[in-house]
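> Input: one structure, supplied below.
The values are calculated or read from the model by the stated rules, or taken from the named source; none is laboratory data. Keep in mind it's a predicted model, so treat the numbers as computed, not measured. Here the Cβ positions follow ideal geometry from the backbone for every residue, glycine too, while neighbour counts run over all protein chains shown. Side chains are part of the model used for accessible areas, which takes the heavy atoms of the whole protein and leaves out ligands, DNA and RNA. Shrake-Rupley method; radii C 1.70, N 1.55, O 1.52, S 1.80 Å.
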Amino acid sequence: MTGSSRRRFLGLAGAAAFAAALPADAFTADADWSADVDVLDDAWTTLHPGLLRYQTREEMDARLARLKRLWAAPGTFRERLLALTRVTAAVRCGHTYASPYNGGEPIRQLMFPDRSLVPFAFRWLERRMVVTADQSGAGLFRAGDVIETIDGRTTESLLLDLIPLARADGSNDAKRISLMEMRGDDRFATFDVHLPRVLPLRDSAVFGLADGRRIEAPLLTLAQRQAARPAGSDLAADANPWTLDKGADGVHRLTMPGWALYDSRFDWKTWLGAVMDDLTGDGARGLIVDLRGNEGGLDCGEVILSRLID
């Protein structure tokens with residue numbers, strides 16, 4: 001693997017943006033990536049404002065030294081990605097992580113190379129894995145089923161291993177647990193990225209349910225997972241991702257599940273400005289801005305604030 005290709009991999013960690021593409025067949029298990037840890041260190045030290053907010057320089061140096069040793073030794077792509085994730089998660093910054101969105105298709109092929117994704121959507125309720133939708137194609141799981149084990153491993157112990165790998169600010173473990181759900185609202189679920197690294201699965205698995213049933217089910221590929229997403233999950237580039245509901249009681253609800261409109265052609269400034277300017281003309285007596293699930297993005301909130309302050 002070339003140096004520029006490895007640095008593209010490091011670019012996933014929020015260190016910097018590198019232009020080189022990584023061919024899907026470029027990874028070899030005996031490749032030495034250790035020199036590129038210095039690139040990560042330099043980029044973070046230069047660019048990351050919160051790098052030492054939750055760790056000392058000595059602690060970070062020790063983590064990078066361990067990563068350097070691991071990346072010098074033979075290892076699979078997932079093993080090396082896991083080693084990198086332990087380092088990025090220690091920064092405790094919600095925007096510092098190995099992102100399949102930034103890596104491009106060749107990186108995603110390495111992240112999701114096989115059939116290793118659980119065949120259902122689920123939520124964590126009181127740290128219990130509760131099925132919300134069957135994706136097996138054979139009706140093997142029902143909404144409300146509680147999955148207690150996967151191939152003999154308790155789901156509670158899996159969650160405890162997954163939480164430290166999730167991206168979130170500071171001590172926000174509620175966010176980390178939420179990211180480790182499989183809800184179907186993201187193209188690449190954080191849970192799908194991480195589970196194969198803490199519990200290697202391939203082709204099928206045995207799921208133990210709280211009601212005593214044991215279900216052996218085929219696992220999914222990334223393509224199958226994405227095919228199971230609700231219709232309309234991926235909006236057109238010029239589509240409006242927000243909604244405005246005008247209540248009969250005069251209270252308007254502006255629902256904004258995300259502000260990540262970097263690649264969107266939607267003229268959000270004009271639309272949002274008009275919505276805010278029309279509040280008085282519409283006789284609105286209140287406005288609810290629903291930001292649940294919103295992880296930020298562009299400065300969309302400034303348009304709202306500018307209409308609410310003198």
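> Which whole-angstrom value gives the distance between the alpha carbon centres of the stretch 109-161 and the stretch 290-310?
35
> Continuing with the same structure: For the pair residue 66 and residue 291, what calculated FRET efficiency results from E = 1/(1 + (r/R0)^6), where r is the Cβ-Cβ distance and R0 = 41 Å, to the nearest 0.05?
The formula returns an efficiency of 0.65 here.
> If amide hydrogens are placed 1.01 Å from N in the peptide plane, which non-local residues have theirs closer than 5 Å to the one on residue 290?
Correct list: 254, 255, 256.
> Follow-up. Once fully extended, how much extra length lies between residue 263 and residue 156, figured as 0.36 nm per residue of separation less the alpha-carbon to alpha-carbon distance?
34.7 nm
> Rounded, prolate or oblate: which fits the stretch 150-196 when a ≥ b ≥ c are the square roots of the eigenvalues of the alpha-carbon gyration tensor, with rounded for a/c under 1.5 and prolate only if a/b beats b/c?
Oblate shape, in that a/c is at least 1.5 and b/c is the bigger or equal ratio.
> Here's something else I'd like to know. List the lysines whose Cα lies under 30 Å from the Cα of residue 246, skipping any in the same chain that are fewer than 8 positions away.
Cross-link targets: 269.
> Give me the dipole magnitude in Debye, nearest 20, for the stretch 114-174 about the Cα centre, with unit charges on the beta carbon: positive for Lys and Arg, negative for Asp and Glu.
In total the dipole reaches around 120 debye.
> For volume of the Cα convex hull per residue in Å³, one of [x] 202; [y] 157; [z] 167 was computed from the structure I shared and the rest are decoys. Which label?
[z]
> Counting only heavy atoms of the protein chains, get the accessible area per residue of the chain (1.4 Å probe) and round it to a whole Å² value.
Heavy-atom accessible area per residue stands at 51 Å².
> What is the gain in length, in nm to one decimal, between residue 198 and residue 127 on full extension, counting 0.36 nm per residue of separation less the C-alpha to C-alpha distance?
Computed gain between residue 198 and residue 127 is 23.8 nm.
> Looking at the chain as a GNM with Cα springs under 10 Å, which of 139, 296, 247 has the largest mean-square fluctuation?
247
> I'd like the distance between the alpha-carbon centres of the stretch 183-198 and the stretch 35-70, rounded to an integer number of Å.
Using only Cα atoms, the two centres lie 25 Å from each other.
> Return the FRET efficiency for the residue pair residue 53, residue 216: r is the Cβ-Cβ distance, R0 is 41 Å, and the value is rounded to the nearest 0.05.
Calculated value: 0.35.
> Give me the number: length gained by fully extending residue 227 to residue 76, i.e. 0.36 nm times residue separation minus the C-alpha to C-alpha distance, one decimal in nm.
51.6 nm
> Say each of residue 42 and residue 148 gets a label point 7 Å from the Cα, pointing the same way as Cα to Cβ; how far apart are those two points in nm?
5.5
> Compute the FRET efficiency between residue 174 and residue 102 as 1/(1 + (r/R0)^6), taking r as their Cβ-Cβ distance and R0 = 25 Å, and round to the nearest 0.05.
Computed FRET efficiency for residue 174 and residue 102: 0.50.
> Just to be sure I understand: with springs between alpha-carbon atoms less than 10 Å apart, which residue in 106, 218, 49 has the highest mean-square fluctuation in the Gaussian network model of the chain?
Judging by the Gaussian network model, the answer is 49.
> Now for a different question. Taking amide hydrogens as modeled 1.01 Å from N in the peptide plane, which residues meet the under 5 Å criterion relative to residue 129, leaving out close sequence neighbours?
Amide H to amide H, under 5 Å and 5 or more residues apart or across chains, residue 129 pairs with 147.
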